[in-house]
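**Q** I'd like to ask you about the structure that follows.
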Amino acid sequence: MSAPRSFTIIAIVLLLWNLMGVMAFVMQYNMDLAVLAETDPAGARIFAAMPGWLWIDYGVAVLAGTVGAASLLAKRKAAVALFLLSLVAVIVQFGYTFLATDLIAAKGVVVAMAFPILIFAITIFQWRYASAQMAKGVLR
């Protein structure tokens, strides 16, 4: 089956979104915590305490999402599994962040949760979209 007209546009937008996630990961991993502490002491403290395994999980989330989006653009079934892996990694990442840190107490619920909710929603969308396209026979 051929892809709907919107397929390429959605796949490109998801690829750009996930590339922004890779950029965010690289910038956050390499940030100067002393500089961050001047404007956001709570954020700097939380980043400084972030365990190594969580950085790996964060990397898996953005890498799987990016490769998944590239796979979607190439109409490959692997996109579904890659987007699911990214979703699981996002759940682990934010689960730890909200349950094992005082981020919500330090920043307030709206500030702490607004962007993670957007990330979670887009991660679910890309997995469900790829799954739907596979069910329609668009992905091979």
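**Q** Kindly give Rg over Rh for region 37-96, based on alpha-carbon atoms, with the Kirkwood expression for the hydrodynamic radius.
**A** When Rh is taken as the Kirkwood radius, the ratio is 1.16.
**Q** Expressed as a fraction of 2.2 N^0.38 Å, the rule-of-thumb size for a compact globular protein of N residues, what is the C-alpha radius of gyration of the chain?
**A** Scaled against compact globular proteins, the figure is 1.16.
**Q** To the nearest Å, what is the center-to-center distance of region 78-128 and region 1-76, using C-alpha atoms only?
**A** 11 Å
**Q** Okay, moving on. Relative contact order of region 6-135: what whole-number percent is it, with Cα pairs under 8 angstrom and at least 6 residues apart?
**A** Relative contact order for region 6-135 comes out at 25 percent.
**Q** Also, quick follow-up: Working from Cα positions, state the angle (0 to 90°, nearest 10) between the long axis of helix 6-29 and the longest principal axis of the chain.
**A** Around 20 degrees separate the two axes.
**Q** Now, a different point. For region 75-140, what is the Kirkwood estimate of the hydrodynamic radius, computed as the reciprocal of the mean inverse distance between distinct Cα atoms, to one decimal in Å?
**A** 13.1 Å
**Q** Turning to a different aspect of this structure: Mind giving me the nanometre distance, one decimal, between the label points for L118 and I12, set 7 Å out from Cα along Cα→Cβ?
**A** 2.2 nm
**Q** Let me ask you something else. Under a plain spin-label model, where a point goes 7 Å from the Cα along Cα-to-Cβ, how far apart in nm are D40 and M23?
**A** In this crude spin-label approximation the distance works out to 1.6 nm.
**Q** Starting with the highest mean, order 26-38, 115-127 by the number of other Cβ atoms within 10 Å, averaged over the residues of each peptide.
**A** In decreasing order of mean packing, 26-38, 115-127 become 115-127, 26-38.
Values in this text are rule-based calculations from the coordinates and carry no lab data. These numbers come from a predicted model, not from an experiment. Note: ideal-geometry Cβ built from the backbone for every residue, glycine included; neighbour counts use all protein chains shown.
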